[in-house]
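Accompanying notes for the structure given below.
Values quoted throughout were computed directly from the atomic coordinates according to the rules given, and no laboratory measurement underlies them. Keep in mind that what you see is a predicted model, and the values were worked out from it rather than measured. Virtual Cβ from ideal backbone geometry, glycine too; neighbours counted across all protein chains shown.
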């Protein structure tokens, strides 16, 4: 077991390594991008990457406190599902009104990688190989689809 401080340091080391690895990759628009803290430009709409001791996931998380607006944003993604699938190249799990780790209602479009641990450095290559192409594909999708969400700014 790791202390909370040790766990935090290991996670920070992974995300720093991942950030350095992907930093040379330009965005779909040819710009420098902070891939680890990707900004969508829409409040309550985040591209989230998370790794813990059992699994990892990457996804789009809609956390708007008004569940009606959260559902409208989710519905907008559903309208663009064909474009999304073309950019991503694989099926993701679409979850309307699920609960996050903090017991908050969110909606997500996610892909999970089971049986990996951020605390096992031998799993880091698998985590990087999981996150990198998917965050780049999300950026590619967002480059063409973001205008459809301008009314939620």
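Worth pointing out:
- Considering each residue of the range 140-148 in turn, none proves to be in contact with a strand residue (DSSP E or B) (Cβ under 7 Å, 6 or more places away or on another chain) and within 29 Å of residue 23 (Cβ to Cβ).
- Meets criteria (more than 17 Å from the chain's Cα centre (by Cα), touching a residue at least 24 places away in the same chain (Cβ under 8 Å), assigned to a helix (DSSP H, G or I) and surrounded by fewer than 17 Cβ atoms within 10 Å (Cβ to Cβ)) for residue 143: no
- Checklist (1) in a helix (DSSP H, G or I); (2) exposed (fewer than 15 other Cβ atoms within 10 Å of the Cβ); (3) under 16 Å from the mean Cα position of the chain (by Cα) applied to residue 128, failing item: (2)
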